[in-house]
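Trainee: Submitted below is the structure of interest, expressed as C-alpha cells.
Please treat every number below as a calculation from the coordinates, not as lab data. Here the structure is a predicted model, which means the values were calculated and not measured. Cβ placement follows ideal geometry from the backbone for every residue including glycine, while neighbour counts extend to all protein chains displayed.
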Amino acid sequence: MVYHTEAAAETVALGRTLSLYMKPGTVVAFSGDLGAGKTTMIKGVCVGLGVTETVKSPSFVIVTEYKGRIPVYHVDLYRLDERSDFDAFGLDSYLSGDGVCLIEWAERAAKVLPATAVHVRMTVTSSGRRIEVENLPGFGQIA
Ligand SMILES: Nc1ncnc2c1ncn2[C@@H]1O[C@H](COP(=O)(O)OP(=O)(O)OP(=O)(O)O)[C@@H](O)[C@H]1O
Ligand SMILES: [Mg+2]
C-alpha cells in the first residue's frame, strides 16, 4: 500500500492506524533519508500502542525501550553500517522479543531482519511524504 501525507500529523495518524495490526514479535523496518519522517511515524505507532513516554530519535543510544500495552523497542541504526556487529548490542533479542520492534535506518541491518518484517519506506516529495507499507498482515486487505 502506498500513502501520501502532506503534514507530520497525517504521518502520526497513519502510524497510529498501523499500530492496530501490530502484536508481540512484530518487527517494523523503517527506511528513508534524514528527515523523511521515521521518528514522526514511530510516535504515532507508540501512541497507538499505549506508550505515554516521550518518543524521540535517541542520539547516543541504539535502543530505547518503552512501556506500552506491550513492550516497544525503538532501535536507531543510523550510526551503524552493514559491517557492524549487530550481535554486540543484542539486536537479535529485540527482533525475537516479546514486544514490537521499530527500527529506524533498518536498511543497515537488512541481512539480519526476519523475512516476516514489515517494511515502511518513506521518501520526501514536493507535496509531503510518500509512504510505502509492505507485509503488515491484515492491513490494507478487505476482510
Ligand atoms: N508529511 C510529513 N510526514 C512526516 N514528517 C513531516 C511531514 N511534513 C513535514 N514533516 C517534518 O519532517 C520532519 C521529520 O523528522 P523525523 O525526525 O520524523 O525524521 P526521521 O526520518 O526520523 O529522521 P532521522 O533519520 O534524522 O532520524 C519533522 O520535522 C516533521 O515535522
Ligand atoms: Mg529519526
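Trainee: Across 10 Å bins from 0, what is the distribution of all Cα-Cα pair distances for the stretch 1-84, in whole percents?
Mentor: 17, 52, 28, 3
Trainee: Please compute the Cα-Cα pair-distance distribution of the stretch 91-143 with 5 Å bins starting at 0, giving whole percents from short to long.
Mentor: For the stretch 91-143, the binned pair fractions read 4, 16, 23, 22, 16, 12, 6, 1 percent.
Trainee: Pick out which of ALA115, ALA13, ALA36 has the largest mean-square fluctuation in a Gaussian network model of the chain, springs linking Cα atoms closer than 10 Å.
Mentor: ALA115
Trainee: Taking the Cα-to-Cβ direction at TYR78 and at ASP98 and moving 7 Å from each Cα, how far apart do the two end points lie in nm?
Mentor: 3.1 nm
Trainee: Going by Cα centres, the stretch 108-140 and the stretch 10-24 are how many Å apart?
Mentor: Taking the Cα centre of each part, the stretch 108-140 and the stretch 10-24 sit 12 Å apart.
Trainee: If you build the Cα gyration tensor of the chain and take the root of 5 times each eigenvalue, what three semi-axes come out, in whole angstrom, biggest first?
Mentor: Ellipsoid half-lengths, sorted descending, are 21, 17, 15 Å.
Trainee: Let me ask something else about it. Kindly state, as a whole number, the per residue volume in cubic angstrom of the convex hull around the alpha carbon atoms of the stretch 33-80.
Mentor: 69 Å³
Trainee: If I stretch the segment between VAL124 and PHE60 completely, what's the gain in nm (0.36 nm per residue apart, minus their alpha carbon distance), one decimal?
Mentor: My answer for the length gained is 20.5 nm.
Trainee: Further question: Rounded to the nearest 5, what % of DSSP beta bridges with both residues in the chain are antiparallel?
Mentor: Just about 55 percent of them are antiparallel.
Trainee: Turning to a different aspect of this structure: Relative contact order for the chain: what percent, with Cα pairs under 8 Å and sequence separation of 6 or more?
Mentor: Relative contact order for the chain comes out at 35 percent.
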